[in-house]
Amino acid sequence: MENDTVKILLAEDDENLGSLLKEYLNAKGYSTFLYPDGEAAWNAFNKNDYDICIIDIMMPKMDGYTLAKEIRKVNATIPFIFLTAKTLKDDVLEGFSIGADDYITKPFSMEELLYRLKAILRRTSQFDSDKQNSEVFQIGSYTFDANKQLLKKEEEEKKLTTKESELLKLLCTNKNQMLERNYALRTIWEDDSYFNARSMDVYITKLRKYLKDDPSIQIINLHGKGYKLISS
């Protein structure tokens, strides 16, 4: 994905920071659209197409968590980055539980944001380019179509996010064998930092929830070494 085709939804209520970010990202070749609160961003999201969202947590009218949850209801795959002044671990984990691709704590450098933005776009573009080689996996009574990012059981379908699909695909590829923790982190998150490791734990919990209706399926934790998807 070339960055001159990338449209960014930027939701930031700090006028000075928002303007600086928009100006910087536009100068780097991205098309950046700035909205001063969550409600304005949500209205814009429903009217336009974007490739990635950068969302401040503390905003008037609609906070960043609520905005992200609403976006996820209509688009399960669009990546987003949270911006926040909060540093509490629970806040970070809440962001990842919603499906955030990254989380940047203020103050941060413009270069750091650009690096993380590029990493997410590179990762999601690589996932898209791999789709033609994706397989359909049978997990007990579920069918996982990695190409469509769909998990099916009889008449029920669950649309997965890109990260959920990437992680489930790795587990399926290594079904009944250990998926090494650091390998999964480097493959999907690009590094094995503490917060990325906690993020992966959140995604594992979500995958267990999605597969819970078939008791023959287990995703077990191998004591810090990795995970194993056990299924027929």
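Quick check on segment 137-152. Is at least one of its residues in a helix (DSSP H, G or I) and either closer than 18 Å to I78 by Cα or free of Cβ contacts under 8 Å to residues at least 60 places away in the same chain (or both)?
Taking every residue of segment 137-152 in turn, none turns out to be in a helix (DSSP H, G or I) and either closer than 18 Å to I78 by Cα or free of Cβ contacts under 8 Å to residues at least 60 places away in the same chain (or both).
Does N182 satisfy the criteria of being buried (at least 16 other Cβ atoms within 10 Å of the Cβ) and either among the polar types (S, T, N, Q) or closer than 24 Å to Y142 by Cα (or both)?
No, not satisfied.
Look through segment 61-95, keep the residues that are assigned to a helix (DSSP H, G or I) and modelled with pLDDT under 75, and return whichever of them is surrounded by the most Cβ atoms within 10 Å (Cβ to Cβ).
Among those that are assigned to a helix (DSSP H, G or I) and modelled with pLDDT under 75, it is G95.
So if I check each of K69, K47, which one is among the charged types (D, E, K, R) and more than 12 Å from L9 (Cβ to Cβ)?
Selected residue: K69, the only one of K69, K47 that is among the charged types (D, E, K, R) and more than 12 Å from L9 (Cβ to Cβ).
Can you find a residue that is in contact with a Lys or Arg (Cβ under 9 Å, 6 or more places away or on another chain), in contact (Cβ under 8 Å) with a residue 24 or more places away in the chain and more than 23 Å from I78 (Cα to Cα) anywhere in segment 154-173?
Scanning segment 154-173 turns up no residue that is in contact with a Lys or Arg (Cβ under 9 Å, 6 or more places away or on another chain), in contact (Cβ under 8 Å) with a residue 24 or more places away in the chain and more than 23 Å from I78 (Cα to Cα).
Scanning for something closer than 24 Å to R198 by Cα, at pLDDT 85 or above and of a type in the set (S, T, Y), does segment 113-124 turn up at least one residue?
yes
Please specify each residue of segment 7-25 satisfying the condition of being part of a helix (DSSP H, G or I) and in contact with a Ser or Thr (Cβ under 8 Å, 6 or more places away or on another chain).
If the condition is that a residue be part of a helix (DSSP H, G or I) and in contact with a Ser or Thr (Cβ under 8 Å, 6 or more places away or on another chain), then L21, K22, L25 are the ones that fit.
Condition check: of a type in the set (D, E, K, R) and surrounded by 15 or more Cβ atoms within 10 Å (Cβ to Cβ). Does K175 satisfy that?
So K175 passes the test.
The values are calculated or read from the model by the stated rules, or taken from the named source; none is laboratory data. The model shown is predicted, which means the values in this text are computed figures rather than measured ones. Methodologically, a virtual Cβ is constructed for each residue, glycine included, from the backbone with ideal geometry; neighbour enumeration extends over all protein chains shown.
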